[in-house]
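Encoded as structure tokens, the structure appears first; notes follow it.
The values are calculated or read from the model by the stated rules, or taken from the named source; none is laboratory data. Quick caveat, the model's predicted, so the values are computed rather than measured. Note: ideal-geometry Cβ built from the backbone for every residue, glycine included; neighbour counts use all protein chains shown. Heads up: the accessible areas ignore ligands, DNA and RNA and are worked out on the full protein's heavy atoms, side chains in. Shrake-Rupley method; radii C 1.70, N 1.55, O 1.52, S 1.80 Å.
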Amino acid sequence: MIRTLIFDIGNVLADFNWRGYLDGWTLPKEEDGIVERTLFMSPMWKEVDRGSRSDEELLTIICREAPAHEELIRRIYAGAGAAVQEYAYAPGLLRQLKEQGYGIYILSNYGKTFYEERKPYFHFLEYTDGQVISYQEKHVKPEPEIYETLLTRYGICPEETVFFDDLAANLEAAEEFGIHTVRVTGYESIREGLLRFGIGIGPQP
């Protein structure tokens, strides 16, 4: 019997549209490509989520890849929190599930500055029983430690749990703990995934 539901944030409960955010700067093609490669596609982005270094330390490393564009990269980074916007369906989705008696938890890779900036706009958090955010733990999905933290901290039974995430690697790591999983590609995938476990919700509002 399923008792607990775990949700990622980016591309599950909120739209992480860094490409749309970057397009909003209307940069020349060359500059756009440099920022895309050195910032959003950089391996250092995962270190932002890990939270083991300050923003300044990370930006210093990132900007070494394109020193002539340092000022631009820093300005774009400073506003990048706006690339994440709560999905309109997210609060109602979690409210429905909470009212049905399920435990609701968040497991998300998120950097400290960006999370604290966007948290007031995440109305779905009102319906959660707890959160494990990567920067607070210094571990990121799909590292096993972050799953262990969630299960242990909240006394969650893996076999009675479903995890919703958009990335296959994160789901595969959860399955290693015996957690059921659903790959999210939009609201309907969440709805269909819940139905597989006998949990019904309404159509997307």
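Test residue 116 against the stated conditions and say whether it is more than 25 Å from residue 193 (Cβ to Cβ), in contact with a Ser or Thr (Cβ under 7 Å, 6 or more places away or on another chain) and among the acidic types (Asp, Glu). Answer is no for this residue. Restricting attention to the stretch 22-40, the residues that are open to solvent by 70 Å² or more (accessible area, probe 1.4 Å) and either touching a residue at least 40 places away in the same chain (Cβ under 8 Å) or of a type in the set (Phe, Trp, Tyr) (or both) total 1. Just one of the listed residues (171, 107) is under 19 Å from residue 47 (Cβ atoms) and either open to solvent by less than 20 Å² (accessible area, probe 1.4 Å) or more than 19 Å from the chain's Cα centre (by Cα) (or both), namely 107.
Candidates are the residues of the stretch 72-98 that are charged (D, E, K, R), closer than 17 Å to residue 124 by Cβ and assigned to a helix (DSSP H, G or I); the one that is least open to solvent (accessible area, probe 1.4 Å) is 98.
None of 119, 141 is touching a helix residue (DSSP H, G or I) at 6+ places or on another chain (Cβ under 8 Å) and open to solvent by 60 Å² or more (accessible area, probe 1.4 Å) except 119. You will find that of 116, 126, the residue that is closer than 22 Å to residue 52 by Cα and assigned to a helix (DSSP H, G or I) is 116 and no other. In the stretch 175-188 there is no residue matching the filter, namely being under 19 Å from residue 91 (Cβ atoms), of a type in the set (A, V, I, L, M) and at pLDDT below 95. Of the residues making up the stretch 48-66, those that are in a helix (DSSP H, G or I) and in contact (Cβ under 8 Å) with a residue 12 or more places away in the chain are 48, 49, 50, 55, 58, 59, 61, 62, 63. Candidates 27, 22, 5, 13: the one that is more than 23 Å from residue 122 (Cβ to Cβ) and either at pLDDT 95 or above or over 17 Å from the mean Cα position of the chain (by Cα) (or both) is 27.
Determine whether residue 202 is at positive phi, touching a residue at least 24 places away in the same chain (Cβ under 8 Å) and either open to solvent by 20 Å² or more (accessible area, probe 1.4 Å) or not acidic (Asp, Glu) (or both). It is false that residue 202 is at positive phi, touching a residue at least 24 places away in the same chain (Cβ under 8 Å) and either open to solvent by 20 Å² or more (accessible area, probe 1.4 Å) or not acidic (Asp, Glu) (or both).
Residues that are β-branched (Val, Ile, Thr) and open to solvent by less than 40 Å² (accessible area, probe 1.4 Å) occur in the stretch 47-59; there is at least one.
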